[in-house]
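Chemist: Encoded as structure tokens, here's the structure I'll be asking about.
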Amino acid sequence: MNPLTPSQKHPTHIEVDLKQNEVRFTWGDGYRSLYTLDYLRQICPCADCDTARQESTVFETPAALNLEQPAEMVGNYAMQFFWADGHNAGIYTFEFLREASKSEVQESQS
């Protein structure tokens, strides 16, 4: 995989949609990514979650965000999500999120 360019790892728009349980990003190069909350929780980059994945521990955690403060920017390089169960240790860098994007979101046909 080629290294990401600066525009590929810089979002121009971020939308946290609590009704649809997803987060949408538009990146500087026009690429659009959609992440379900379940997927974001599964890929949490914090040390505890990384260790649990290495040990094949399965978490039965709700993938719901705190309604009062669902997420916030960390500097100009990452997002932090505040999960309803109190977990908030993961810092999701934009580069990490772009690389974790499964596929581009396509325009819906109306």
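Every number in this text was worked out from the coordinates using simple rules, so none of it is lab data. None of the values given here were measured: they were computed from a predicted structure. No Cβ is skipped: glycine too gets one built from the backbone with ideal geometry, and neighbour counts run over all protein chains shown.
Chemist: Report yes if some residue within segment 8-18 is of a type in the set (A, V, I, L, M), within 29 Å of residue 67 (Cβ to Cβ) and surrounded by 18 or more Cβ atoms within 10 Å (Cβ to Cβ); otherwise report no.
Modeler: No, segment 8-18 has no match at all.
Chemist: If you don't mind, another one. In segment 28-50, what residues are among the small types (Gly, Ala, Ser) and either assigned to a helix (DSSP H, G or I) or in contact with an Asp or Glu (Cβ under 8 Å, 6 or more places away or on another chain) (or both)?
Modeler: Of everything in segment 28-50, those that are among the small types (Gly, Ala, Ser) and either assigned to a helix (DSSP H, G or I) or in contact with an Asp or Glu (Cβ under 8 Å, 6 or more places away or on another chain) (or both) turn out to be 33, 47.
Chemist: Could you list, in sequence order, the residues of segment 19-31 that are surrounded by fewer than 17 Cβ atoms within 10 Å (Cβ to Cβ) and touching a residue at least 60 places away in the same chain (Cβ under 8 Å)?
Modeler: 24, 31
Chemist: Between 53, 41, 24, which is in contact with a strand residue (DSSP E or B) (Cβ under 6 Å, 6 or more places away or on another chain) and among the basic types (Lys, Arg)?
Modeler: 24
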